[in-house]
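Working notes, beginning with the structure itself.
The values are calculated or read from the model by the stated rules, or taken from the named source; none is laboratory data. In this text, all values refer to a predicted model and were calculated from it rather than measured experimentally. Cβ atoms come from the backbone with ideal geometry, glycine included; neighbour counts cover every protein chain shown. These accessible areas exclude ligands, DNA and RNA; they are computed on the full protein's heavy atoms, side chains included. Shrake-Rupley method; radii C 1.70, N 1.55, O 1.52, S 1.80 Å.
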Amino acid sequence: MPTRPIPSSREALPVIGLGTYRGFDVAPGDSQYARLPAVLDALFAAGGTVIDSSPMYGRAERTTGELLGARRLRPRAFLATKVWTSGREAGIRQMEASFRLLQTDRIDLMQIHNLLDWQTHLPTLRAMKAAGRIRYIGVTHYTSAAYDALESVINATPLDFLQINYALDDRAAEQRLLPLARDKGVAVICNTPFGGGGLLRRLGATPLPGWAADAGAASWAQLALKFVLANPAVTCAIPGTGNPRYMAENAAAATGPALTPRQRRELIALV
């Protein structure tokens, strides 16, 4: 899988990862749980590493830790999770729980979710980074209504990562936030690259463009991911899935030619 550098370290990060929202919020004994080892196999077989979770995703952190631990796959994963609570001590408790649930002594990326109490949590994250318990620090949000606040934070303090919503039908981040992240040397992880799912449903009845195969895309999902990756500020996209076939399809979107500006404009015209 192609990679892009994390600006703060130049470490190479594969451009397609895995989001665990919903898909990994299942318990052993559930038929969906039984499919998840194959999802991880598809991610790693394609050269992907990034697995993004959160304490807010139900059982997702625990499930991720169980599956990686049982199969000794932790060294292959770039683990990202979040803190989403108010107060220093509450934040520490929540992050310590994430270490336990993920069955790891080091988390690659800890993110302050939705900027909640970010000024309180940031010194804790910096101390954890200095101690080697986390490798990178970031902030997240999922709505364009927060972009002004995100811009203020990025301008106010050094960060390694920004995770935001960005998709073919959700392009507000192109205006100021993505250029700012690039200028400031902040890696960008894109969540909801399928526009929350509605995008693919709307496009499903429309034939693929005639040039799709030449661009290495065999589905609307792959074109949607290629659209996101065509922005040079984007480091990695993390579509969520609990389906091994979809994971393999998503990962394959990283290969082949990048979309041209004309192809991007054609896709925008469809939505």
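Here are some notes:
- First in the range 29-46 and touching a residue at least 12 places away in the same chain (Cβ under 8 Å), second anywhere and of a type in the set (Lys, Arg), Cβ under 7 Å, 6 or more apart: 37/71; 44/76
- Scanning the range 258-271 for residues that are of a type outside the set (Ser, Thr, Tyr) and either surrounded by 16 or more Cβ atoms within 10 Å (Cβ to Cβ) or over 15 Å from residue 4 (Cα atoms) (or both) yields 259, 261, 262, 263, 264, 265, 266, 267, 268, 269, 270, 271.
- Some residue of the range 149-171 being over 19 Å from the mean Cα position of the chain (by Cα) and open to solvent by less than 10 Å² (accessible area, probe 1.4 Å): yes
- Residue 24 passes every criterion in (1) surrounded by 22 or more Cβ atoms within 10 Å (Cβ to Cβ); (2) outside any loop (DSSP other than H, G, I, E, B) apart from (2).
- Within the range 243-267, the residues that satisfy the criterion of being outside any loop (DSSP other than H, G, I, E, B), closer than 20 Å to residue 48 by Cβ and either at pLDDT below 95 or not small (Gly, Ala, Ser) (or both) are 244, 245, 246, 247, 249, 250.
- Odd one out for residue 217, checked against (1) closer than 27 Å to residue 180 by Cα; (2) open to solvent by less than 70 Å² (accessible area, probe 1.4 Å); (3) aliphatic (A, V, I, L, M): (1)
- Number of residues in the range 4-17 that are under 18 Å from residue 178 (Cα atoms) and open to solvent by 60 Å² or more (accessible area, probe 1.4 Å) equals 2.
Conditions (1) within 14 Å of the chain's Cα centre (by Cα); (2) surrounded by 16 or more Cβ atoms within 10 Å (Cβ to Cβ), marked per residue:
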site: 205; (1), (2): no, no
site: 210; (1), (2): no, no
site: 213; (1), (2): no, no
site: 223; (1), (2): no, yes
site: 228; (1), (2): yes, yes
site: 234; (1), (2): yes, yes
site: 241; (1), (2): yes, yes
site: 244; (1), (2): no, yes
site: 251; (1), (2): yes, yes
